[in-house]
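Right, one structure below, let's go through it.
Throughout, read-outs are computed from the coordinates displayed, never taken from laboratory work. Source: prediction; values computed, not measured.
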Amino acid sequence: MTQIQQPPQYAPPQQYAPFPVGGFGYPPPAPPRRRTGLVVGSVAGAVVVAGGLGVGAFLLFGGSTLDDADAEGQISARVQEQTGVAPDAVDCPSGVDLAEGTTSTCSVTLQGQAFDYTVTQLDDEGNVEFSSDAVYVPVADVETLLAEAFAEESLEVEASCDAGDRTVLIAADGLSIPCTVVNAEDSTDSADVTALLDAAGTVTFE
């Protein structure tokens, strides 16, 4: 009699747990740390200005002429009040006759940077108005702005700018200072950035 052979029986395939990422006994790799170089190109510009434009009326009566020494003292005090730094020098012309509407120019030097103040006579009795178009940009504000730009990219950095001996910049078109940003979590990760200023005090980075 012919026997019918039964097909061989196979056990169901055994299920295996997937290998953990990184292999047995190893934690999964940490996500790569963001580096400063990844966000340098996205740093946005902003305006950093400490009031450089000032106007005030003062009595500078010196007989038939303006009191140039008093004018120099008033301007020096105004600059120091606005910047926190005493100017190196203020020089106003002497012998300016009292005459309503007459203007004269005083030169100011602040941390080696020169700019002018205009003195306008409001009458012929020594009442004058001081004004300047100078825009003051504290270096510390530039550093803060740079660090905040990286913070917007969720990266904490320490920023520093090298302006020599200057703590306050007189804004001017084409003015630039070198800066460095360092990753707060990895001091070996840094990037060089240039801060560019224009005459209005607008600061951009590249």
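Between amide H atoms placed 1.01 Å from N, distances below 5 Å from Asp124 occur with Glu100, all of them 5 or more places distant or on a separate chain. Taking only alpha carbon atoms, segment 56-134 gives an Rg to Rh ratio of 0.96, where Rh is the Kirkwood radius.
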